[in-house]
Amino acid sequence: MTFAAVMTFLKKISPLMNLGDKELEILSTPENVLQAELDVNGKKYPAYRVQFNSARGPYKGGIRYHPEVDLDEVKSLAFWMALKTAVADIPLGGGKGGITVNPKELSVSEIEELSRKFVRAFYEHLGPRKDIPAPDVYTTPQIMAWMRDEFEKITGESAPGMITGKPLELGGSLVRDIATALGGVYVLEEAMDKLSLKEKTVAIQGFGNAGMNAAKLLIERGFTIVAVSDSKGGIYNKEGVDIDAVINTKKESGSVIHYSNAEKITNEQLLSIGCAVLVPSALSDAITKDNASNVKAKIIVELANGPTTTEADEILHSKNVLVLPDILANAGGVTVSYFEWVQNNTNDYWDEELIKTRLKEKMVTAFNGIWQLYSQNDHDFRTNTYMIAITKILTAERLRGRI
Ligand code: NAD
């Protein structure tokens, strides 16, 4: 989603919070925008780190490797990170990074060189008390390991907490791999309880880390997955698909569409499937004014960042569809990243049960705080989530004397 579109939403809700010019300026201006050009084998790759807001703690946010990454997109993602850490109530700010590259066209050693050069370009601005990156689209625990190594080579000190999403053997955290999906499932269960929704049918768009793990976790909890999709298209069976078989099919053939016991559908059709819960887990701008009125689900769980446009949001609200927004629904990822950072900083490593208990506590508390406000006004759930996050950021800004 463009930064201009993100800011349009901020301006739309600002009268509800009586935001003044200074407050709007703080919320719409990154504190630092860092840029570099990284050279690998004579080819130049633009690289970005946007440090959006640090009022509540050090900057935190992933690094995306994608051919379409640009400064505008990284700014939107960095802004959302600042809100997300506030919603999850973890003592971190918001930032995001990216390199304009198609990693599928690079060899492993070229990806390593590129990743080390990213750290060399920005290391003065990174660190466990300054800015803590993490993986995002097409960046992996191995890339985090190279980045930690490069940072320590330059600074000469051990600094496991300078980056999260690391391999377990190098200071990573248990549960990080499924944290985004698990956090989304925890808030979905709370929402279903509040709405007394008993029907447990689900359609999931996107079948990567977020979507596939959500499918597995929901099946364990007695849900029926009636439709899933990936970039090649989708499948639908109103009796439910066999998720283990779908995972195997994707592993073997590269796509869910080769699963045999279901009807083939398009990604667009998936959005209007009859089901209780819709889980967009792929792209931004998937649900728009053109298809929002066809949505039949009662709850949307935004595991993807920015899957619903502002116009679509209004249509969904008027249809009484509850949208659990990205800055809440996918905050489980950054929450367990925060747990990883705490473990690194204290050298005290937690077991799986403790991490899951603490994650649930964070997600349920965040959901209930928003639900309480939502029950007292006519605004949609996203607007209420933004109001809570913005209030926390501005309170910190005021206490620091910046406003
Ligand atoms: P991923 O690369 O593991 O998976 C993406 C999936 O989307 C793949 O199955 C791909 O085939 C599918 N896809 C791509 N284009 C599509 C299209 N046009 N239609 C339908 N499906 C399509 O990525 P991920 O980590 O699962 O991230 C997915 C979304 O969740 C992104 O928006 C990301 O920013 C967001 N998110 C992920 C995490 C996390 O921890 N993984 C945390 C927060 C937010």
Over the stretch 123-273, how many percent of alpha carbon pairs lie in each 10 Å bin up to the one with the longest distance? 10, 32, 26, 19, 11, 2
Choose one of 145, 155, 91: the residue whose Cα lies farthest towards the positive end of the charge dipole of the stretch 32-172 (beta-carbon charges +1 Lys, Arg; -1 Asp, Glu; about the Cα centre). 91
For the ranges 158-165, 247-254, 387-394, 264-271, what's the packing order if you count other beta-carbon atoms within 10 Å of each residue, average per peptide, and put the highest first? 158-165, 387-394, 264-271, 247-254
Computed for the chain: size of charge dipole around the Cα centre, +1 on C-beta of each Lys and Arg, -1 on C-beta of each Asp and Glu, debye to nearest 20, value 540
When only Cα pairs under 8 Å and 6 or more residues apart are kept, what is the percent relative contact order across the chain? 15
Can you list the lysines whose alpha carbon is less than 24 Å from that of residue 232, not counting same-chain residues fewer than 8 positions off? 104, 216, 250, 251, 264, 289, 296
Cα-only Rg/Rh for the stretch 32-172 with Kirkwood Rh rounds to 0.94
Kirkwood hydrodynamic radius (C-alpha pairs) into Stokes-Einstein, the stretch 191-323, 4 °C and 1.567 mPa s, D in µm²/s: 89
The stretch 174-403, Cα convex hull volume normalised per residue, Å³: 138
Of 326, 177, which has the most accessible area and how do the rest follow, probe 1.4 Å? 177, 326
Mean Kyte hydropathy of -0.5 or more with a Cα span along the axis of at least 20 Å, helices from DSSP in the chain: 71-87, 108-122, 179-195, 332-346, 352-374, 381-399
Where the only charges are on Cβ atoms (+1 Lys, Arg; -1 Asp, Glu), what is the dipole of the stretch 104-188 about its Cα centre, to the nearest 20 debye? 200
What is the packing order of peptides 228-240, 361-373, taking the mean over residues of other C-beta atoms within 10 Å and listing the highest first? 228-240, 361-373
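Highest mean first, how do 105-114, 330-339 rank when packing is the count of other Cβ atoms within 10 Å averaged over residues?
330-339, 105-114
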Positive-end residue, the chain charge dipole about Cα centroid, Cβ charges, pick of 222, 121, 132: 132
GNM flexibility winner over the chain from 256, 342, 187 (Cα, springs under 10 Å): 342
Please work out how much length the chain gains when fully extended from residue 194 to residue 158, using 0.36 nm per residue of separation minus the C-alpha to C-alpha distance, in nm with one decimal. 8.3 nm
Answer in debye to the nearest 20: the dipole magnitude of the stretch 1-102 about its Cα centre, from +1 Lys/Arg and -1 Asp/Glu charges placed on Cβ, is 200
What number, in nm² with one decimal, is the all-direction average of the projected area of the convex hull of the alpha-carbon atoms of the chain? 19.1
Rounded, prolate or oblate for the stretch 1-90? Axes are the square roots of the Cα gyration tensor eigenvalues, ordered a ≥ b ≥ c, and the cut-off for rounded is a/c under 1.5. prolate
From the helices alone, meaning DSSP H stretches of at least four residues, give me the mean residue ellipticity at 222 nm for the chain, per-run term -39500 (n - 2.57), in deg cm²/dmol to the nearest 500. -14000 deg cm²/dmol
Along the charge dipole of the chain, Cβ charges K/R +1 and D/E -1, which of 318, 279, 3 sits furthest on the positive end? 318
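The values are calculated or read from the model by the stated rules, or taken from the named source; none is laboratory data. Since this is a predicted model, take the numbers as computed values, not measurements. Glycine also receives a Cβ, built like all others from the backbone with ideal geometry; neighbour counts cover every protein chain displayed. Areas reflect the complete protein model, heavy atoms only, side chains present, ligands, DNA and RNA absent. Shrake-Rupley method; radii C 1.70, N 1.55, O 1.52, S 1.80 Å.
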